[in-house]
Amino acid sequence: MSSIRTIGGTRRTRKLLATAVATAALTAGALIPTAGAAAAPAHAPAWKSFTWHTLRKGDCTMFRGARWTVYPDGTAYFRATVTSSDNNDAWLMRARLKDADGAVLTALRNARLQDPAVPAKFVKNLPDRTQRYVWTAKGTFDPGWYDDIARMSLVSSC
């Protein structure tokens with residue numbers, strides 16, 4: 001009993017105990033929530049981001065830094081800069097969420113549906129070859145897949 005009182009007895013001792021517990025949790029592979037992850041379950045980060053190097057398809061270019069960020073609630077947000085060497089082109093993209101082994105879990109659905117026949121298609125029109133365009137998009141997926149998401153791939157055409 002006296003050892004329990006000693007452990008909780010001083011501020012310094014409590015701080016040392018908290019540090020030891022945190023170190024043990026990190027060693028065991030547990031995630032300790034940060035301010036950005038406070039609302040997420042202790043086992044899952046608050047978001048997962050995937051970025052790409054420069055991609056080229058046909059006349060179109062998507063510049064380095066294109067990023068999809070997925071959230072535990074089943075939403076995903078995309079931001080990229082794109083251009084084309086020809087007028088009146090369009091970048092078409094499908095985004096696939098994958099597990100750690102690279103197996104496809106699901107495809108993101110376009111939250112701003114552009115093609116009812118293909119809800120997983122994202123399109124950015126590129127009317128002027130002299131311009132770079134910021135492309136933002138919102139996607140959705142079944143949140144039950146979130147914990148399994150480890151990779152992401154893009155299938156693109158121009």
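The values are calculated or read from the model by the stated rules, or taken from the named source; none is laboratory data. The model shown is predicted, which means the values in this text are computed figures rather than measured ones. Positions of Cβ are backbone-derived with ideal geometry, glycine not excepted, and every protein chain shown enters the neighbour counts. The area values use the complete protein model at the heavy-atom level, side chains included, leaving out ligands, DNA and RNA. Shrake-Rupley method; radii C 1.70, N 1.55, O 1.52, S 1.80 Å.
Distance cut-off 19 Å, Cα to Cα: go down the list Lys48/Lys124; Lys57/Lys138; Lys48/Lys121; Lys57/Lys124; Lys57/Lys98 and report the pairs above it.
Lys48/Lys124; Lys57/Lys138; Lys48/Lys121; Lys57/Lys98
For region 54-158, what is the relative contact order in percent, using Cα pairs closer than 8 Å and at least 6 residues apart in sequence?
36 percent
Using only the Cα atoms of region 39-117, build the gyration tensor, take square roots of its eigenvalues as a ≥ b ≥ c, and label the shape rounded, prolate or oblate: rounded if a/c is under 1.5, else prolate if a/b is larger than b/c, else oblate.
Prolate, because a/c is 1.5 or more and a/b exceeds b/c.
Using 7 Å Cα-to-Cβ label points, what is the Arg132/Ser153 separation (nm, one decimal)?
2.9 nm
Residues with amide H under 5 Å of Thr106's amide H, sequence separation 5 or more or different chain, H placed in the peptide plane at 1.01 Å from N; which?
Leu97
Can you pull the accessible area of Thr54 for me, 1.4 Å probe, Å² to the nearest 10?
My reading of the accessible area for Thr54 is about 60 Å².
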